Every structure is written in C-alpha cells, then in structure tokens.
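Here is the structure we will look at.
The values are calculated or read from the model by the stated rules, or taken from the named source; none is laboratory data. Quick caveat: nothing in here was measured; it's all calculated off a predicted structure. Neighbour counts are summed over all protein chains in view; Cβ atoms, including those assigned to glycine, are modelled from backbone coordinates with ideal geometry.
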Amino acid sequence: MTVRIRADLEQLPGYVPGRSIPGAVKLASNEVPHGPLPSVAEAVATATVEINRYPDNFGSALITELSSFLDVPAPQLAIGCGSVSLCQQLVQATCTRDDEVLFGWRSFEAYPVLSHVVGARQVRVPLDEHLGLDLRAMAAAITPATRLVFLCNPNNPTGTAVRRAELEEFLDRVPEDTLVVLDEAYREFVTDPDVPDGIRLAEERFAKGRHNIAVLRTFSKAYGLAGLRVGYCYATGTIAEALRKVYVPFSVNAPAQAAAIASLRSHDLLMARCADLVAERERVRTALVEAGYAVPDTQANFVWLPLGDRTEAFNAHCLTHKIVVRAFAADGARVTIGTPEENDAFLTAARSFLS
Ligand SMILES: *Cc1c(COP(=O)(O)O)cnc(C)c1O
C-alpha cells in the first residue's frame, strides 16, 4: 500500500524556477540586480532579534504603512506570502471545481498551476499578433461559469502592457460576479503614461459601485525583496476579508514585514534604481532589434524574444556564454534586465547566435 496522491496531480507540471548556475549571469527570474538598501538590511536585522515570536498574523503595521502610502483604506488591503500566494488565495476564495478561471496565454506560469489545484477549468485566450493580451477575445470568452480573470499588466513574459481605454472597455464588459485580478508585479517599471495605475483605476471603479476588481503588487521585483516573500492586494473590503480567511496563518514572516515597511520609506531611492533599469531596458531592446530580433515593446524589467522553434538552441547558446535566460520551449525566451555589464554580456551572446 502506498499513500494515495490525487490522481489529477499527474497532469500538473512542477513549477520551474529560473535556474541558478554558479559563476553564470542569471537573467532568468526578473529579479533586480541590486542587494538591499542599508536601511532595509538594518530593518531585517532588527526583526531577527524577535524571531522566536510569531509574526503579526495579518501584518497590521505594514497594512497601516501601505494604507497611507497608497492613500486607500486599510480594510481594503491584504498581504500575502508573495503575490503568487495572493493569486492562489484569490482562486481559492472564488473558485471550486465547477468554475472557470480565464487568462491570456502565454502569461504568468503560476496561473495554470494554481487554477488546476482547486480543480477549476482553465480557459486560455491566445495573445494578439503584437503579443499583447487580447482583451476583446478575453471578454468574449467569459461564460456564466467564469469566476476569475487573471490580467497580468505588464504581461509576464512578453512585457507588453494594455492601455487605459482598452482596459476600461474590457472591465465594462465583465459581469459583476466575475472578479478581474489585475496582476501588477511590474508596475514600477511602467513608463507609458497611457498604462493606468491599477490602484487608482480600481479606486475610481469602486466609487462608481463596480466592485469586481482586485489589484496585486509585490515587493519581489522593483523593491528587490524576492527572497523574503511579501506582496499585497487592494480590493473591496469583502474580497480582502475573504483573502484573510484563506491565508496560511503567519505565512508572511516578521523580517519580510519589516523589510517591506522600510522599503516603502525608501521608495524614492528604490525608484531611482528602477529608472536605471528602465534606461537599460530601452538600450537592450534597441540593440536586440538592431541585431535582428523581433522584440515587442516592453514595460517591465525584461525583454521577450519570440524565437519559436529556435528557443532551445538560443537557450543552449546563452548557456555556453554563461548566461541563464528563461526559455519556454518552442515559444520564446524571456531575459531579465541586469546590470549594464550583465546586459552587455547577454547582448554579445545574442548577437553571436544570429551570426
Ligand atoms: C514575479 C511575479 C509574481 C509573484 O511574485 P511574488 O514573488 O510571489 O510576489 C506575480 N505575478 C507575476 C506576473 C510575476 O511575474
């Protein structure tokens, strides 16, 4: 006799994290290249003094800080162990096996896995010809069973972003009983003024009595705290409360909460780092286009190379140059923007692949 694991988990591919290879340049996980600011490292060190104690279960100090930082009411905020945990909590809070989760594809690779685990049916809507989310096709794919829509903006892994007008048109078409999750993991890297700030957009819609939107942000990307695991959600009080119900108790640890608070207080310094990365992003994209790659316009801290069948060969070529990118077989490669030196090393590899 052996322990019985749910038979349907057989179909579930394991989550593949970006690879770390000793001595190689890692451009595979959309992390920022900088270590913590001194003020953040100090907050973490101070918090470790009390790690014999459980953390504040719902992070009230962090919620208070976020509430004033974002200028939104605290009861409409919830924290999670990374925003990927909040994605899972939102699916758990809205879906059972009779329901559908809808998302564009390709998009964030956690969406299929999290949907599968609750047994919900997944509906994937292909990206448009510019590799952006096809919001009209997504709206048309909504059925009475659709409980949740993941809308990743900018989209991981293509970097493309949807603009205000098309997003508003989409939101107007979504039924009130379907929750739209606006996943803004890369919001801080957005420079296109037509790409709306999801928090302000949601706030406007709440004021008009439209309640079916939840916005996710994370401290893992622009804020550089990927190793600590903390993200947050802004939604209605009802959704925030549901998120707290399905929260794994104490899953956001105390050093993470302290680091997030310290990061919000050093927001300007961290955003200056983002501006440098954005400048590098534009330099890298331009160089790739000049070299002959078809790279879609990106609003995130990565570029997407839609290489199709050549993806595996490109990945192998980059590895021989000690560059680790994120390859999605037969589709394309996502490459994170690193330091100028790392980006130069990547560009050298990318140019020699084509020659
Ligand atoms: C990285 C990422 C997240 C999750 O980040 P956490 O580290 O779990 O906060 C969520 N959504 C998208 C689209 C991402 O790329």
Task: Residue satisfying condition, being loosely packed, with under 13 Cβ neighbours inside 10 Å, touching a strand residue (DSSP E or B) at 6+ places or on another chain (Cβ under 7 Å) and of a type outside the set (A, V, I, L, M), within set Ser20, Ser83 - done: Ser20
Task: the range 292-330: number of residues that are under 22 Å from the mean Cα position of the chain (by Cα) and of a type in the set (Ser, Thr, Tyr) - done: 1
TODO: Within the range 322-344, count every residue that is free of Cβ contacts under 8 Å to residues at least 40 places away in the same chain and out of contact with any Ser or Thr (no Cβ under 7 Å at 6 or more places or on another chain).
DONE: 2
Task: Residue among Thr160, Thr143 that is at pLDDT 95 or above and under 19 Å from Asp297 (Cα atoms) - done: Thr160
TODO: Could you list, in sequence order, all residues of the range 147-197 that are aromatic (Phe, Trp, Tyr) and part of a loop (DSSP other than H, G, I, E, B)?
DONE: Tyr186
TODO: Filter the range 221-242 for residues that are under 19 Å from Asp197 (Cβ atoms) and within 16 Å of the ligand (Cβ to nearest atom) and give the result.
DONE: Lys221, Ala222, Tyr223, Gly231, Tyr232, Cys233, Tyr234, Ala235
- [ ] Report, by residue number, each residue of the range 37-73 that is among the acidic types (Asp, Glu) and surrounded by 13 or more Cβ atoms within 10 Å (Cβ to Cβ).
- [x] Glu42, Asp56, Glu65
Task: Residues satisfying the stated conditions in the range 306-355, i.e. assigned to a loop (DSSP other than H, G, I, E, B) and more than 29 Å from Glu129 (Cβ to Cβ) - done: His321, Lys322, Gly338, Thr339
Open item on the list: I'm trying to understand the selection: among the residues of the range 110-132, which are buried (at least 18 other Cβ atoms within 10 Å of the Cβ) and under 19 Å from Leu307 (Cβ atoms)?
Closed with: Leu127, Leu131, Gly132
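Every residue, every condition in (1) away from the ligand (no atom under 16 Å from the Cβ); (2) in the same structural domain as Trp304 (by TED's automatic domain parsing); (3) within 15 Å of Pro255 (Cβ to Cβ), yes or no:
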| residue | (1), (2), (3) |
| --- | --- |
| Ala45 | yes, no, yes |
| Leu62 | no, no, yes |
| Leu77 | no, no, no |
| Leu86 | no, no, no |
| Val91 | no, no, no |
| Trp105 | no, no, no |
| Leu127 | no, no, no |
| Gly132 | no, no, no |
Open item on the list: Given the condition within 16 Å of the ligand (Cβ to nearest atom), under 23 Å from Leu225 (Cβ atoms) and buried (at least 20 other Cβ atoms within 10 Å of the Cβ), answer yes or no: does some residue in the range 135-152 qualify?
Closed with: yes
Task: The one condition in (1) out of contact with any strand residue (DSSP E or B) (no Cβ under 7 Å at 6 or more places or on another chain); (2) touching a residue at least 60 places away in the same chain (Cβ under 8 Å); (3) within 15 Å of the ligand (Cβ to nearest atom) that Val162 fails to fulfil - done: (2)
Task: Some residue of the range 196-206 being within 19 Å of Ile63 (Cβ to Cβ) and within 13 Å of the ligand (Cβ to nearest atom) - done: yes
